Amino acid sequence: IPSVSSIVPESCLLIVVGLLVGGLIKGVGEKPPILKSDIFFLFLLPPIILDAGYFLPLRPFTENLGTILIFAVVGTLWNAFFLGGLMYAVCQLGGPGLNHIGLLANLLFGSIISAVDPVAVLAVFEEIHINELLHILVFGESLLNDAVTVVLYHLFEEFASFEQVTILDIILGFLSFFVVSLGGVLVGVIYGVIAAFTSRFTSHIRVIEPLFVFLYSYMAYLSAELFHLSGIMALIAAGVVMRPYVEANISHKSHTTIKYFLKMWSSVSETLIFIFLGVSTVAGHHYWNWTFVISTLFFCLIARVLGVLVLTWFINKFRIVKLTPKDQFIIAYGGLRGAIAFSLGYLLDYKHFGMRDMFLTAIITVIFFTVFVQGMTIRPLVDLLAVKKKQETKRSINEEIHTQFLDHLLTGIEDICGHYGHHHWKDKLNRFNKKYVKKCLIAGERSKEPQLIAFYHKMEMKQAIELVESGGIGKIPSAVSTVSIQNINPQTLPLERVLPALSKDKEEEIRKILRTNLQKTRQRLRSYNRHTLVADPYEEAWNQMLLRRQKARQLEQKMNNYLTVPAHKVDSPTMSRARIGSDPLAYEPKEDSENLPIITIDPASPQSPESVDLMSEEPKGCSGLPPSPEEDEEGLVMRVKEPSSPGTDDVFTPGNGDSPSNQRMLRCLSDPGPRPEPEEGEPFIPKGQ
């Protein structure tokens with residue numbers, strides 16, 4: 001029924017199936033089975049956590065590790081103590097049925113119910129395809145808060161058996177948190193390294209390669225649980241550490257087996273957990289107290305919302321990509337409770353906790369509310385708020401190159417600034433890994449293989465297998481590299497063959513990879529025309545900016561023109577007459593301005609244009625004599641050209657005002673612009689000119 005499954009999450013449907021099965025068994029007269037804690041913690045939980053840890057998206061997880069840890073540690077502690085303290089107050093005010101429940105019992109109850117459940121989060125969040133950031137924040141919190149839950153649970157359980165709790169016990173309890181979390185991680189790392197080292201020697205027995213991955217992971221979980229350490233953190237650490245080295249050593253068939261077996265195993269466990277939750281609800285002993293149950297549900301929601309709001313306000317001071325109000329709402333709303341809380345409640349001992357049935361009833365109510373109400377409404381709310389969804393894209397060589405390039409660039413910038421951020425330490429870790437760890441844990445030449453080549457091998461193999469599975473073997477390009485052919489048909493290499501760190505062939509292969517793949521990027525561009533172009537919201541702003549720049553340039557040019565001495569522009573005689581006639585005082589000639597244009601008029605034919613020649617069109621007073629009253633009225637005086645003596649040039653013969661000093665001064669004043677600066681010790685105007 002697709003219409004139902006699109007609205008109701010799979011986990012809700014499975015709980016309903018469990019309720020129906022439990023009701024049917026009870027109706028027949030048999031006793032329904034209950035989800036026992038040993039079965040849950042030893043057999044049903046590990047496959048789900050291993051699947052999550054082995055295929056954990058490492059890059060987003062490490063980039064947001066600080067935020068995840070704050071939500072997982074501080075958020076869970078806040079929820080536990082806030083809820084426990086308020087429930088203790090409710091018990092004191094709630095009447096005779098609740099008065100006997102002490103502070104420790106309420107704090108234990110708060111620690112059980114406060115932790116976000118990874119199984120429930122996985123079941124709901126994978127269906128709604130939320131974006132990678134929100135998914136890793138909520139899911140990472142649900143994985144890492146296990147250490148806090150384990151510590152608080154065992155701590156309050158131990159304190160309940162004590163007659164008196166001292167300050168030393170509280171300090172030791174605080175220190176046990178670090179022992180439990182870091183101890184679990186250490187156990188996981190040790191088993192991960194052992195698994196990677198073992199896979200180095202399995203080339204001749206490929207069949208049992210997947211077995212080692214499952215065996216060492218399960219050993220890590222059991223070893224951690226044996227010493228009351230965090231088994232979940234041990235499994236995650238083991239999966240994260242072993243994966244890159246194991247995948248480099250094992251065959252592709254083994255890799256496929258691990259992938260699909262883990263997916264199948266975790267899916268079966270998840271199904272059984274939710275069905276058993278439904279059956280156990282019908283089969284278990286319940287004690288319903290309205291005050292306690294409703295208060296628990298209300299305070300759970302209040303504590304979650306307040307914790308997320310306060311912690312996000314603090315985290316956003318340090319984050320570059322801030323968490324928006326929409327993100328905060330999804331993080332608060334996605335805090336689902338599940339079977340871990342139920343199993344921890346079921347583990348409680350009747351001797352110390354006589355109110356166990358009431359606790360279990362309240363826990364089941366909270367689980368049902370979060371899984372059914374929040375799980376069913378989170379998808380429409382994500383659509384309503386237009387929260388960014390996850391985009392399914394295949395990684396390309398081009399993306400890998402640019403990612404590595406940006407990592408190197410940011411590491412270099414951090415080194416130059418003297419700031420040791422996470423890029424710096426990541427680079428140090430990568431160098432150490434490449435120099436020492438890979439040589440010990442990866443067999444053969446692949447330990448020396450550049451990261452880009454390794455990624456290309458993986459992509460080529462994937463592409464080849466997809467082609468074979470789809471029946472398109474004929475579509476494999478003729479220029480398949482020798483590497484991919486060796487991967488599809490593995491050949492035994494001679495034992496003596498040892499390559500240098502990066503040979504000429506490798507360099508040529510890298511060039512070939514870059515050449516072929518970077519050309520392909522153009523083929524992925526979508527064709528478009530001007531009718532389908534989306535309007536750019538920044539286009540108007542860009543236009544305004546360009547106009548402002550253009551105006552600034554024009555203003556700068558005008559200022560330069562005003563500040564530069566302009567060249568002396570010769571006006572036509574008509575313009576000169578008009579200007580001097582309109583304002584004679586403004587055009588009063590200077591004393592030394594004698595070489596002005598001269599017009600010569602032939603008296604025989606004053607109208608003919610050919611007779612006009614440059615001669616002496618001088619304003620009044622140019623000859624150094626005081627102007628006569630007649631000249632004052634006339635303005636310009638036309639003088640007849642005197643006949644030149646034979647052998648002299650009409651134009652180039654220097655006149656009275658053509659002395660070298662006058663010429664030099666005029667040349668300086670009419671200079672249109674700056675000249676190259678004179679060398680030191682050289683005069684501004686060279687002598688002899």
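Of the residues making up segment 387-397, just one is under 20 Å from G334 (Cα atoms) and open to solvent by less than 50 Å² (accessible area, probe 1.4 Å), namely V387.
Of the residues making up segment 147-185, those that are touching a residue at least 60 places away in the same chain (Cβ under 8 Å) and touching a His at 6+ places or on another chain (Cβ under 8 Å) number 5. Of all the criteria given as (1) of a type in the set (A, V, I, L, M, F, W, C); (2) within 21 Å of K439 (Cβ to Cβ); (3) part of a helix (DSSP H, G or I), the one not satisfied by V213 is (2). For segment 263-293, a residue qualifies if it is surrounded by fewer than 20 Cβ atoms within 10 Å (Cβ to Cβ), more than 29 Å from Y54 (Cβ to Cβ) and of a type in the set (V, I, T), and the qualifying residues are V282, T291, V293.
Counting only residues that are under 30 Å from L384 (Cα atoms), part of a helix (DSSP H, G or I) and either of a type in the set (D, E, K, R) or in contact with a Phe, Trp or Tyr (Cβ under 7 Å, 6 or more places away or on another chain) (or both), how many does segment 326-356 have?
So the answer is 3.
Screening segment 398-412 for residues that are surrounded by 13 or more Cβ atoms within 10 Å (Cβ to Cβ) and at pLDDT 85 or above and picking the one that is nearest to A454 (Cα to Cα) gives D407. Within the bounds of segment 497-505, is there any residue that is modelled with pLDDT under 75, hydrophobic (A, V, I, L, M, F, W, C) and under 27 Å from K259 (Cβ atoms)? No, segment 497-505 contains no residue that is modelled with pLDDT under 75, hydrophobic (A, V, I, L, M, F, W, C) and under 27 Å from K259 (Cβ atoms).
Of all positions in segment 165-178, at least one carries a residue that is within 34 Å of the chain's Cα centre (by Cα), open to solvent by less than 90 Å² (accessible area, probe 1.4 Å) and within 22 Å of P118 (Cβ to Cβ). Note on segment 236-261: residues that are without any contact (Cβ under 8 Å) to a residue 60 or more places away in the chain, among the aliphatic types (A, V, I, L, M) and over 17 Å from K434 (Cα atoms) total 1.
Of the residues making up segment 304-322, just one is open to solvent by less than 60 Å² (accessible area, probe 1.4 Å) and at pLDDT below 90, namely R319. Only one of the numbered conditions (1) closer than 29 Å to L45 by Cβ; (2) touching a residue at least 40 places away in the same chain (Cβ under 8 Å); (3) of a type in the set (S, T, Y) is not met by Y350, and that is (2). Pairs meeting the criteria (first residue in segment 262-279 and within 17 Å of K36 (Cα to Cα), second residue among the β-branched types (V, I, T) and at pLDDT below 90, beta carbons under 7 Å, at least 6 apart or on different chains) are E270/V119; I273/V119.
Taken over segment 338-363, residues that are open to solvent by less than 10 Å² (accessible area, probe 1.4 Å) and within 39 Å of the chain's Cα centre (by Cα) amount to 6. Residue count for segment 203-256 satisfying the condition of being closer than 15 Å to G183 by Cβ and crowded, with 20+ Cβ neighbours inside 10 Å: 13. Candidates V116, V124: the one that is β-branched (V, I, T) and either touching a Pro at 6+ places or on another chain (Cβ under 8 Å) or open to solvent by 10 Å² or more (accessible area, probe 1.4 Å) (or both) is V124. I'd like the full set of residues that are at pLDDT below 85 and part of a helix (DSSP H, G or I), limited to segment 129-147. Listed by number, the residues that qualify are D146, A147.
Residue by residue, here is whether (1) in contact (Cβ under 8 Å) with a residue 12 or more places away in the chain; (2) among the charged types (D, E, K, R); (3) under 27 Å from L514 (Cα atoms); (4) in contact with a helix residue (DSSP H, G or I) (Cβ under 6 Å, 6 or more places away or on another chain) holds:
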{"residue": "T411", "(1), (2), (3), (4)": "yes, no, yes, yes"}
{"residue": "D415", "(1), (2), (3), (4)": "no, yes, no, no"}
{"residue": "G421", "(1), (2), (3), (4)": "no, no, no, yes"}
{"residue": "D427", "(1), (2), (3), (4)": "yes, yes, yes, yes"}
{"residue": "C440", "(1), (2), (3), (4)": "yes, no, no, no"}
{"residue": "I453", "(1), (2), (3), (4)": "yes, no, yes, no"}
{"residue": "M459", "(1), (2), (3), (4)": "yes, no, yes, no"}
{"residue": "V468", "(1), (2), (3), (4)": "no, no, yes, no"}
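Within segment 186-199, can one find any residue that is open to solvent by less than 50 Å² (accessible area, probe 1.4 Å), of a type outside the set (F, W, Y), part of a helix (DSSP H, G or I) and without any contact (Cβ under 8 Å) to a residue 40 or more places away in the chain? Looking for residues that are open to solvent by less than 50 Å² (accessible area, probe 1.4 Å), of a type outside the set (F, W, Y), part of a helix (DSSP H, G or I) and without any contact (Cβ under 8 Å) to a residue 40 or more places away in the chain, one finds at least one in segment 186-199, hence yes. Return yes when G183 is part of a helix (DSSP H, G or I) and over 19 Å from R337 (Cβ atoms) and no when it is not. Taking the combined requirement at face value, the residue satisfies it.
The residues of segment 513-557 that are at pLDDT below 55 and part of a helix (DSSP H, G or I), listed by number, are Q519, K520, T521, R522, Q523. Y456 satisfies every condition listed in (1) modelled with pLDDT of 75 or more; (2) open to solvent by less than 100 Å² (accessible area, probe 1.4 Å); (3) assigned to a loop (DSSP other than H, G, I, E, B) except (3). Residues in segment 104-128 that are in a loop (DSSP other than H, G, I, E, B) and among the small types (G, A, S): A115 alone. So T76 ticks every box in (1) of a type in the set (S, T, N, Q); (2) within 20 Å of G140 (Cα to Cα); (3) more than 42 Å from the chain's Cα centre (by Cα) but one. Which box is left unticked? With respect to (1) of a type in the set (S, T, N, Q); (2) within 20 Å of G140 (Cα to Cα); (3) more than 42 Å from the chain's Cα centre (by Cα), T76 is out only on (3).
In segment 365-386, is there at least one residue being closer than 24 Å to L45 by Cβ, touching a His at 6+ places or on another chain (Cβ under 9 Å) and crowded, with 21+ Cβ neighbours inside 10 Å? Checking segment 365-386: not a single residue is closer than 24 Å to L45 by Cβ, touching a His at 6+ places or on another chain (Cβ under 9 Å) and crowded, with 21+ Cβ neighbours inside 10 Å.
Within the span defined as segment 283-290, every residue fails to be out of contact with any Ser or Thr (no Cβ under 9 Å at 6 or more places or on another chain) and hydroxyl-bearing (S, T, Y). Of the helices (runs of 4 or more DSSP H) lying entirely inside segment 1-103, those containing at least 2 residues that are crowded, with 21+ Cβ neighbours inside 10 Å are 10-28, 45-54, 65-69, 76-93.
The values are calculated or read from the model by the stated rules, or taken from the named source; none is laboratory data. Quick caveat: nothing in here was measured; it's all calculated off a predicted structure. Using ideal geometry, Cβ is built from the backbone for each residue, glycine included, and neighbour counts are taken over all protein chains shown. Side chains included, ligands, DNA and RNA excluded: accessible areas come from the protein's heavy atoms. Shrake-Rupley method; radii C 1.70, N 1.55, O 1.52, S 1.80 Å.
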